[in-house]
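Enquirer: Once you've had a glance at the structure underneath, I'll fire off some questions.
The values are calculated or read from the model by the stated rules, or taken from the named source; none is laboratory data. A quick note: this is a predicted structure, and the numbers were derived from the prediction, not measured. Ideal geometry is used to build each Cβ from the backbone, glycine not excepted, and the neighbour counts take in all protein chains shown. Only protein heavy atoms, including side chains, enter the accessible area calculation; ligands, DNA and RNA are left aside. Shrake-Rupley method; radii C 1.70, N 1.55, O 1.52, S 1.80 Å.
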Amino acid sequence: MAAEKNTVEIASLPLEEVEFAVNAFFGYLRDVLYHPKQAHLDPQQLAEPFRELAQGMIFIGKCIEEGRVLAHELSRGNLEATAKISSDNEIASGLKSLQATLKHISWQVGQIAKGDYNQRLSFAGSFSSAVNDMVTQLRERDAALRAEIFLTQLLADESRNTVMLLES
């Protein structure tokens, strides 16, 4: 019903007011995408039937800007970015999830660097496979090095014993 009422109201507006609103909307959307710092839309300058739509577009513009800021920080490697994301911003929710995933991966890689080869990534697709393969190789190399060190120590002990025997 409200949509029909708005359609009737819009149809009865002078063409200039409709063109003004359309131009304001397209201009705002263009600026949100390409010139976010100058994006501005004042619902009060529009005819009444367009004001609610303008407020919705302003909300969408705000959501896009929040996502843009977070995406920029993540692209710079700033996983601790504290960009304010509205709780009702579904546009940026995927980026918040990505941020949490990257923070967890970063922690896991830190654990691997400390020698914890039991870490396994399971939620980052082919990246997980590559990291998990690397961890397996690190574990195998670590085990081989430890075995070689043990063998070298045994040989050194045997050599010392042989030298001591020969000296006696």
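Enquirer: Could you give the angle, 0 to 90 degrees to the nearest 10, between helix 126-167's Cα long axis and the longest principal axis of the Cα atoms of the chain?
Expert: Value to nearest ten degrees: 20.
Enquirer: Per residue of the chain, what 222 nm ellipticity follows from adding -39500 (n - 2.57) for every DSSP H run with n ≥ 4, rounded to the nearest 500?
Expert: The per-residue figure over the chain is -25500 deg cm²/dmol.
Enquirer: Based on Cβ point charges of +1 for Lys and Arg and -1 for Asp and Glu, what charge dipole magnitude is obtained for the chain about its Cα centre, in debye rounded to the nearest 20?
Expert: Charge dipole, the chain, about its Cα centre: 520 debye, nearest 20.
Enquirer: Next question. Rolling a 1.4 Å sphere over the protein heavy atoms, what is the accessible area per residue of the chain, to the nearest Å²?
Expert: Numbers: 12050 Å² over 168 residues.
Averaged over the residues of the chain, the accessible area is 72 Å².
Enquirer: Among Leu13, Leu165, what's the order by accessible area (1.4 angstrom probe), most exposed first?
Expert: Sorted descending by solvent-accessible area, the residues read Leu165, Leu13.
Enquirer: Given (1) -0.59, -1.05; (2) -0.29, -1.11; (3) -0.36, -1.13 as candidate values of log10 I(q)/I(0) by the Debye sum over Cα atoms at q = 0.09, 0.17 Å⁻¹, which corresponds to the one derived from the coordinates?
Expert: Checking each listed value against the structure points to (1).
Enquirer: What shape does segment 1-100 take by its C-alpha gyration tensor, where a ≥ b ≥ c are the square roots of the eigenvalues and a/c under 1.5 counts as rounded, a/b above b/c as prolate, and the rest as oblate?
Expert: Taking the square roots of the gyration eigenvalues as a ≥ b ≥ c, segment 1-100 is prolate.
Enquirer: Quick check: the angle from helix 2-11's long axis to the longest principal axis of the chain, C-alpha only, nearest 10 degrees?
Expert: Rounded to the nearest ten degrees, it is 60.
Enquirer: Please give the helix 93-113 orientation as an angle from the longest Cα principal axis of the chain, in degrees from 0 to 90, rounded to the nearest 10.
Expert: Once rounded, one gets 10 degrees.
Enquirer: Run the quick spin-label model on Val109 and Asp88: label points 7 Å from Cα toward the beta carbon, then report their separation in nm to one decimal.
Expert: So the two model labels end up 3.7 nm from each other.
Enquirer: Still on this structure: So which chymotrypsin sites (Phe, Trp or Tyr not before Pro) in segment 115-168 end up in coil per DSSP with only 10 or fewer other C-beta atoms within 10 Å? Display every interim value, and only then the final one.
Expert: Values: sites: Tyr117, Phe123, Phe127, Phe150; in loops: Tyr117, Phe123.
Sites meeting the loop and neighbour criteria: Phe123.
Enquirer: At most 11 other C-beta atoms within 10 Å and a DSSP loop state: those are the exposed GluC sites (Glu not before Pro) I care about. Give me the longest piece of the chain that has none.
Expert: The longest such stretch corresponds to 1-79.
Enquirer: Taking all protein chains as present, what is the carbon and sulfur share of the accessible area of segment 1-139, in % to the nearest whole number, probe 1.4 Å?
Expert: 58 percent
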